[in-house]
Amino acid sequence: MYKYFAKHNKGWIALLIIAGITGFLTWNIYRAFYPGDAFYYEDFKKITFREIPPSADISDKSASYPDFHGDYCSASVIKLSPHDYNKLLNDIKTDKRFQKGEFGWSSASHDVLSRYKETDIAHGYQNDDEGYIGFFKDGRTIFVQFCSL
């Protein structure tokens, strides 16, 4: 390709195309290993069946790379306003799809919770076997874990 463009005195176009393709591939590989906040917001929605509150701010996050079957685990610690925290807690408490439960340790949850104590979580709820949401005692922070199996 470069030879064709160089022959027509347009070698810079070939270099630009190659640089663009390389940049695109590099960005996609980076995002596969380090997903953005939207990835964790989507997992929040899968677990809670609700949109993420407007005050949400992810303070810690981690995700495993998907295996050959597409299974992965993600974990995040999200700060909410006290109002959004209490509303979400009350909604989850009354939602029949949730039961009190404990989260399963994964590499993602270990990475995220290494800065916290397990006793910091006051309330924990599971939906089926894939999702867990924990409410910290501070009245603002939640822990969200999703494992697709």
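Among the residues examined, Phe135 does not qualify as aromatic (Phe, Trp, Tyr), more than 19 Å from Tyr40 (Cα to Cα) and surrounded by 17 or more Cβ atoms within 10 Å (Cβ to Cβ).
If the condition is being in a loop (DSSP other than H, G, I, E, B), of a type in the set (Phe, Trp, Tyr) and modelled with pLDDT of 90 or more, then segment 28-55 contributes only Phe49. Condition check: surrounded by fewer than 19 Cβ atoms within 10 Å (Cβ to Cβ) and within 12 Å of Thr48 (Cα to Cα). Does Leu149 satisfy that? Against the criterion (surrounded by fewer than 19 Cβ atoms within 10 Å (Cβ to Cβ) and within 12 Å of Thr48 (Cα to Cα)), Leu149 does not qualify. Out of all the residues in segment 104-129, which are within 22 Å of Phe33 (Cβ to Cβ) and not small (Gly, Ala, Ser)? Residues satisfying the conditions are Trp105, His110, Asp111, Val112, Leu113, Arg115.
Being assigned to a loop (DSSP other than H, G, I, E, B) and acidic (Asp, Glu) is a property that Asp138 has. Filtered by the rule that a residue be farther than 15 Å from Phe135 by Cα and either over 17 Å from the mean Cα position of the chain (by Cα) or in contact (Cβ under 8 Å) with a residue 12 or more places away in the chain (or both), segment 96-109 gives Lys96, Arg97, Gly104, Ser106, Ser107, Ala108. The condition of being under 14 Å from Phe44 (Cα atoms), in the same structural domain as Pro53 (by TED's automatic domain parsing), surrounded by 12 or more Cβ atoms within 10 Å (Cβ to Cβ) and in contact with a strand residue (DSSP E or B) (Cβ under 6 Å, 6 or more places away or on another chain) holds for only one of Phe143, Phe103, that being Phe143.
The values are calculated or read from the model by the stated rules, or taken from the named source; none is laboratory data. Note that this is a predicted model, so its numbers are computed, not measured. Reconstructed Cβ throughout: ideal geometry from the backbone, glycine too, with neighbour counts over all protein chains shown.
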